[in-house]
Every structure is written in structure tokens, then in C-alpha cells.
Amino acid sequence: IDRAAVVKSMADPTLIPAEGLVPHGIRTAEGGDFRQVNGAVIDNDPDTYQQRCQQAVTLLREAGFTRPEVIASLGTVTLLHRSTPAQTTLARQLQQVWRDTLGIDVTLQSADEEEFDQLLHGGEFTLALTEITALYNDAAAYLDMWRSGNSCNYAQIGMNAYDILMRVAAASTSDEARDAYLADAETMLLDSGYVMPLYNETYTWLLRDTFTGLHTDGMG
């Protein structure tokens with residue numbers, strides 16, 4: 001996925017390519033910026049994009065999908081999305097890149113808000129475009145939802161090692177250790193391929209230069 005191209009196609013200046021599941025602006029337990037401290041775990045370098053596409057093709061072949069008819073045996077791969085102009089544009093772009101790069105035909109399934117929620121909560125999808133947010137300023141707010149049995153774990157992901165990392169992070173009395181566990185958990189989750197962050201939404205604020213000593217709270 002070329003996230004820079006995705007953002008460009010959305011024509012929304014508030015969007016930036018995702019560098020991880022946890023966006024910029026989320027604090028670590030030690031008070032730093034989680035994304036800045038841990039760096040990007042998603043490669044958005046345009047110079048390596050073609051190389052990463054070839055790697056995807058190689059992985060597909062190593063999995064046994066070596067010919068078009070074998071890829072066709074995957075059956076119908078659907079991408080569920082809300083029937084909004086933005087999500088429709090995004091879904092079509094992903095459909096095209098997967099067809100052109102991997103030879104996989106993805107069927108788009110558009111749904112209104114109510115139907116989308118029913119299908120998502122019922123697990124009736126192969127791939128789904130959805131937005132997530134957090135109720136508090138902490139990396140765990142983005143990572144907890146993918147634990148086994150969590151009501152927000154729509155993908156029904158079940159990874160024992162991930163669950164253990166999240167439990168140990170929650171019980172840690174060391175800020176440094178907690179931050180490290182959460183960083184490892186994010187990397188493990190994205191390496192699994194179950195969750196593919198595309199972009200982050202940002203907000204821009206203009207502050208008059210006569211105001212000094214500004215402090216921000218957890219809600220921005």
C-alpha cells in the first residue's frame with residue numbers, strides 16, 4: 001500500500017500517512033511522544049515502494065499462490081467500506097493496487113452506516129475499512145482493542161504473545177518498561193498483518209503570539 005498516494009487521493013490536507021497504529025501526539029508513560037520515541041514501524045519511503053511491492057509478490061508465491069488460477073482459488077476477497085465518497089475513493093484505489101501488483105481481484109462491498117456496523121460487529125467481512133480513535137491519551141488506548149475477547153476486536157485476532165505483552169504492560173510499575181512493552185506489542189500487531197493503518201487525521205491550531213505558557217491536556 002502506497003500510503004502517500006492514498007493520502008493524496010483523499011485530497012484532505014488534515015491527513016498524513018500512518019507510521020504506525022499509534023499516531024503522533026500520544027504520550028508515553030515517561031512523558032515523550034510515543035511515535036517520536038519509537039520511530040516509524042511502517043515504511044513509507046517512496047524509494048523503496050517498488051521493492052516492497054516485489055517483496056509482497058514473493059511472499060504470495062512462497063505461500064503457494066504461483067499462478068493466476070491458483071490465486072483465483074482464493075475465492076471472493078471482499079473489501080467492506082462505508083458508502084461515503086472518501087471511503088469509496090480509498091476502496092477503489094486499494095482494489096486497483098492489489099489487482100495491478102498482486103493479481104488479486106478484490107470485490108468492493110459498500111454499506112450504509114447501520115449495515116456497515118452490523119457486518120463489522122458480526123465479523124462478516126474479509127477486509128474492512130474502518131476508523132479508530134481513543135478515549136484517552138495513551139498508546140494502550142489504541143492497542144488494547146486488539147486483545148483476545150475485547151469487544152472492539154472486530155477482526156477476532158487471537159495472539160497469546162500479544163495478550164501477554166498487553167497484560168504485562170498494564171501491570172508494570174515501571175514507566176520505562178511499560179513503554180517498551182507497548183512498543184513491542186504495536187510492532188507484533190502490525191507484523192501479523194491483521195491490522196494495516198493507512199493514515200492519521202490531524203488538527204491544526206493557530207495560537208496568538210501574545211499567549212505564553214500554554215499547556216495542553218489529554219484531549220488536545
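The values are calculated or read from the model by the stated rules, or taken from the named source; none is laboratory data. Given the structure is predicted, the values throughout are model-derived calculations rather than measurements. A quick note on method: Cβ atoms are made from the backbone with ideal geometry, for glycine too, and the neighbour counts reach across all protein chains shown. To get the accessible areas, we keep the full protein, side chains included, count just its heavy atoms, and leave off ligands, DNA and RNA. Shrake-Rupley method; radii C 1.70, N 1.55, O 1.52, S 1.80 Å.
Below is a table of values for the structure above.
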{"quantity": "Taking the chain and dividing mean pair separation by its residue count, relative contact order in percent (alpha carbons under 8 Å, at least six apart)", "calculated": "25"}
{"quantity": "Tail fraction, Cα-Cα pairs, segment 94-157, threshold 20 Å, whole percent", "calculated": "43"}
{"quantity": "Selection from ALA4, ALA183, TYR162 lying farthest towards where the dipole of the chain points positive, charges on Cβ", "calculated": "ALA4"}
{"quantity": "Inter-probe distance in nm under a simple model that places probes 7 Å from Cα toward Cβ, at THR202 and ASP175", "calculated": "2.6"}
{"quantity": "Electrostatic dipole magnitude of the chain [Cβ: Lys, Arg +1; Asp, Glu -1; Cα centre; debye, to 20]", "calculated": "400"}
{"quantity": "Dipole magnitude of segment 102-220 about its Cα centre (Cβ charges: Lys, Arg +1; Asp, Glu -1), debye to nearest 20", "calculated": "340"}
{"quantity": "Sparse-neighbourhood loop sites, trypsin sites (Lys or Arg not before Pro) in segment 119-220 - DSSP loop, at most 10 other Cβ within 10 angstrom", "calculated": "ARG208"}
{"quantity": "Å² of accessible area per residue within segment 61-147, as computed with a 1.4 Å probe and no ligands counted", "calculated": "57"}
{"quantity": "For segment 150-200, alpha-carbon Rg over 2.2 N^0.38 Å", "calculated": "1.21"}
{"quantity": "Rel. contact order, % - alpha carbon contacts under 8 angstrom, at least six apart, segment 129-199", "calculated": "22"}
{"quantity": "For the chain, the longest site-free run once GluC sites (Glu not before Pro) in DSSP loop states with at most 16 other Cβ atoms within 10 Å are removed", "calculated": "31-123"}
{"quantity": "Dipole of the chain, positive end: most advanced residue of TYR194, THR212, GLN93 [Cβ charges, Cα centre]", "calculated": "GLN93"}
{"quantity": "Estimated dipole of segment 1-130 in Debye, rounded to 20 [Cβ of Lys and Arg +1, of Asp and Glu -1, Cα centre]", "calculated": "340"}
{"quantity": "Amide H contacts of MET159 (H built 1.01 Å from N, under 5 Å, at least 5 apart or other chain)", "calculated": "SER148"}
{"quantity": "Accessible-area composition of segment 82-220, carbon plus sulfur, in percent [1.4 Å probe]", "calculated": "51"}
{"quantity": "Spatial separation of Cα centroids for segment 70-134 and segment 1-67, in angstrom", "calculated": "18"}
{"quantity": "FRET efficiency estimate (nearest 0.05) - Cβ-Cβ, ASN153 to ARG67, R0 30 angstrom", "calculated": "0.30"}
{"quantity": "Read-out percent of Cα pairs over 26 Å apart, derived from the coordinates shown; its label in [x] 50; [y] 37; [z] 45", "calculated": "[z]"}
{"quantity": "Charge dipole of segment 1-153 about the Cα centre (unit charges at C-beta), most positive-ward option of THR48, HIS81, TYR142", "calculated": "THR48"}
